[in-house]
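The values are calculated or read from the model by the stated rules, or taken from the named source; none is laboratory data. Remember, it's a predicted structure, so these values are computed and weren't measured experimentally. Positions of Cβ are generated from backbone atoms using ideal geometry, with glycine treated the same way; all protein chains shown enter the neighbour counts.
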Amino acid sequence: MRNVTLARDTGETKIALTLSPDGTGKVSVETGIPFFDHMLTGLAKHGGFDLTCRATGDLGVDCHHTIEDVGIVIGEGVKQVIRDGRGIRRFAHAIIPMDESLAQVALDCGGRGYLVYSGAFGSRTLGNIPTDLFEHFFYSLCMHAGITAHITFSGRNDHHQCEATFKAFGIALGNAMAKSGKNSIPSTKGTF
């Protein structure tokens, strides 16, 4: 099994994370932000990988640092799993509906961090989280993992849009990190 254990300790947050892409979707998340915990649980559960995340942050200020730093640490964990890319599928996508909402995610785990994020929430906050922080979470994760991601969502209900997006990202990520059955680097260059 490809298991990763990471810790990040700054003046703003303290995060401990374990990630196993070969797991079964066993998830335990505690960030002090209940709606964010719900989204991360859906991401890993539907992605089919094991994730444990314990985070404490300066929530008395706001939730920005905690959400950003969790994205950084998950991204670093994914990067360690991917390593040089040998034996992974690399590319994956998912289209997930949730009632009236639809989320589409396409990923390339090829070592280059980039995010295209298209969608709009109707409210400025969701679960007491400023909605712009969801894009920032995915940006932080992608930059630190070396993932190119295209995320698109639409709908009327903000909760449904957000949840469908996290689930779609998780499914695509789980599939992209999955073993391909080949012992080669999935790149015409021979390297990421």
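I want to confirm something. Restricting to region 61-106 and keeping residues that are within 14 Å of the chain's Cα centre (by Cα) and among the acidic types (Asp, Glu), which single residue is surrounded by the most Cβ atoms within 10 Å (Cβ to Cβ)? Residue satisfying both the conditions and the ranking: 69.
Pairs linking a residue in region 116-128 that is within 18 Å of residue 64 (Cα to Cα) to a residue that is among the aliphatic types (A, V, I, L, M) and not in a strand (DSSP E or B), with Cβ atoms under 9 Å and 6 or more positions apart or on different chains, are 127/33; 127/39; 128/33.
Out of region 7-17, which residues are under 11 Å from residue 70 (Cα atoms) and in contact with an Asp or Glu (Cβ under 7 Å, 6 or more places away or on another chain)? Correct list: 8, 13, 15.
How many of the residues in region 145-180 are of a type outside the set (Phe, Trp, Tyr), in contact (Cβ under 8 Å) with a residue 60 or more places away in the chain and either under 22 Å from residue 23 (Cα atoms) or outside any helix (DSSP H, G or I) (or both)? Explain how you work it out, then say what you get.
First pass over region 145-180, keeping only residues of a type outside the set (Phe, Trp, Tyr): 145-152, 154-165, 167-168, 170-180.
Retained after the next criterion (residues that are in contact (Cβ under 8 Å) with a residue 60 or more places away in the chain): 145-147, 160-165, 167-168, 170-180.
Imposing the further condition that a residue be either under 22 Å from residue 23 (Cα atoms) or outside any helix (DSSP H, G or I) (or both) reduces the set to 145-147, 163-165, 167-168, 170-180.
The total comes to 19.
Taking the criterion of being modelled with pLDDT of 95 or more and within 17 Å of residue 14 (Cβ to Cβ), the residues of region 39-60 that qualify are 40, 52, 53, 54, 55, 56, 57, 58, 59. Checked against the criterion of being crowded, with 16+ Cβ neighbours inside 10 Å, closer than 29 Å to residue 80 by Cα and touching a Pro at 6+ places or on another chain (Cβ under 8 Å), the candidates 172, 178 yield just one match: 178.
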